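**Student:** Could you have a look at this structure, given as structure tokens, before my questions?
Every number in this text was worked out from the coordinates using simple rules, so none of it is lab data. If you're wondering where the values come from, they're calculated on a predicted model, not measured in any experiment. Here the Cβ is made from the backbone with ideal geometry for all residues, glycine too, and neighbour counts use every protein chain on show.
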Amino acid sequence: MGKIYIVEDDFTKKVGLAGLFQKAGYDVVTGGPDAGAIVAAKPGIIVTDIDAKNANPMHFLEELKGNPALKGLEIFVYADQIDVSLEVKLRKLKLSSYFTKDANTEFIVNSAKLVFNPVVEEEMQEEQFYSPAAAPSPSPAARPVPQPDAAAADMDTDSFKQMFADFSEKVHEHLGENDGETIYNLGVSYMDMGLHEQALAEFERASGDPNFRVEALSMAGVCLRHLKKFKEAIERFKAGAQSTQDPVQVMGFRYEIGVTLQEMGMLKEAFNFLGAVYKTDKTYRDAATRLMAINNTLKAGQK
């Protein structure tokens, strides 16, 4: 069906990804971040990890994009977490296939299938799309987030929350309300531990810093959605879209709305939102895959 080259230094994750693609019938090669080895392998897709904690996490991706021998190859990027800031960097490199490490495996495989077997656009073009501006106001979607670790789960919930509340208070004693970067990073740390209420409080504070307003509102919406506070999530994502002139960021908010509608079971509305994104950029994340799935479900329901 096609060859996939996987770059991952974690053995367990590498084996898991390789097994996933092999089960789907693909030829899989694993290796390090060596552009020469990738060129020699002649893959159709490159799957590479990205660690946002590195000094320059985009370096390897820039190397891949700048290599003429790899021109035209699809690059899949996956990370522990993808926020608006990272998404913009990926889009600037014209990378549109990226997912979190706990993403739905069916989505990952379907994304590969679309690369080797492009979607039939005639079917997509038969559907009627309308602008998100004319649609009802649903809530935007969240990407999957890690759950609390075992140690946290064993602790008394109230004591655990109080411990982090005290920690947050001490941190804020030494910060100004406009120190958006530190506050935002604190929110991300809470989110990594599954403490969505605490993370939300930090993202709300960080949104007061103009330099982090868009990212903070995006993550606040993610937290609210996880907490099932959809109306409030809508407000944050609308505010985020209104706070940026970057078309990539605006499209990201629209995409998230469509995904959430899909998860809420509002399939017709979701189809229109994702359809509007697809019309703007047919390669945008998994919009095409989701549209196909929604379309099949709607047709099945009409029988």
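**Student:** Work out, step by step, the length gained on full extension between Lys231 and Asp80: first 0.36 nm times the residue separation, then minus their alpha carbon distance; give nm to one decimal.
**Tutor:** Numbers: separation 151, 0.36 × 151 = 54.36 nm, distance 2.70 nm.
The span from Lys231 to Asp80 would gain 51.7 nm if fully extended.
**Student:** When Lys and Arg each count +1 and Asp and Glu each count -1, what net charge do the other residues less than 11 Å away from Thr283, Cβ to Cβ, add up to?
**Tutor:** Working: positive: Arg91, Lys94, Lys282, Arg285; negative: Glu74, Asp281, Asp286.
Residues close to Thr283 contribute a combined charge of +1.
**Student:** Separate question: Compute the FRET efficiency between Glu263 and Asp27 as 1/(1 + (r/R0)^6), taking r as their Cβ-Cβ distance and R0 = 30 Å, and round to the nearest 0.05. Please list the in-between numbers first.
**Tutor:** Numbers: r = 33 Å, r/R0 = 1.12.
With R0 = 30 Å, the Cβ-Cβ based efficiency is 0.35.
**Student:** Shape call for the stretch 3-118 from the C-alpha gyration tensor, a ≥ b ≥ c root eigenvalues: rounded (a/c under 1.5), prolate (a/b greater than b/c) or oblate? Kindly include the intermediate steps, with their values, before the conclusion.
**Tutor:** On the way: a/c = 1.34, a/b = 1.14, b/c = 1.17.
In terms of gyration-tensor shape, rounded.
**Student:** Residues of the stretch 14-44 with the amide nitrogen closer than 17 Å to a label point 7 Å from the Cα of Lys3, along Cα-to-Cβ, please.
**Tutor:** 18, 21-22, 25-44
**Student:** What GluC sites (Glu not before Pro) does the stretch 195-303 have in DSSP loop regions with at most 11 other beta carbons within 10 Å?
**Tutor:** On the way: sites: Glu197, Glu202, Glu204, Glu215, Glu232, Glu235, Glu256, Glu263, Glu269; in loops: none.
Listed in order of number, the matching sites amount to none.
**Student:** Would you mind checking which residues have amide H under 5 Å from Val29's amide H? H placed 1.01 Å from N; only 5 or more apart, or other chain.
**Tutor:** Those qualifying (amide H under 5 Å, at least 5 residues apart or on another chain) are Ile4, Tyr5, Ile6.
**Student:** Kindly state, to the nearest 0.05, the FRET efficiency for Ala35 paired with Gln242, given R0 = 35 Å and r defined as their beta-carbon distance. Let's see the in-between values first.
**Tutor:** Numbers: r = 41 Å, r/R0 = 1.17.
Here the calculated transfer efficiency is 0.30.
**Student:** State which entries of Lys231/Lys282; Lys71/Lys94; Lys228/Lys282 exceed 21 angstrom in Cα-Cα distance in the structure shown. Numbers along the way, then the final one.
**Tutor:** Values: Lys231/Lys282 29 Å; Lys71/Lys94 12 Å; Lys228/Lys282 30 Å.
The answer is Lys231/Lys282; Lys228/Lys282.
**Student:** Further, regarding this structure: Tell me, what HN-Hα J-couplings in whole Hz come from the Karplus equation 6.51 cos²θ - 1.76 cosθ + 1.60 at θ = phi - 60° for each residue of the stretch 19-29, using x for Gly and Pro?
**Tutor:** Here the 3J(HN,Hα) series is x, 4, 6, 5, 4, 7, x, 8, 7, 10, 10 Hz.
**Student:** Just to check I understand the Karplus step: with θ = phi - 60° and J = 6.51 cos²θ - 1.76 cosθ + 1.60, what whole-Hz values come out for the stretch 276-290, glycine and proline as x?
**Tutor:** 5, 5, 4, 5, 6, 8, 5, 9, 5, 6, 10, 4, 5, 4, 5
**Student:** What does the net charge come to around Gln262 if you take all other residues with beta carbon closer than 10 Å to its beta carbon, with K and R at +1 and D and E at -1? Let's see the in-between values first.
**Tutor:** Working: positive: Arg290; negative: Glu263, Glu269.
Around Gln262, the charge tally is -1.
**Student:** Of Phe273, Phe76, how do they rank once you tally other Cβ atoms within 10 Å and put the fewest first? Walk me through the numbers on the way to the answer.
**Tutor:** Working: Phe273 28, Phe76 20.
Lowest count first: Phe76, Phe273.
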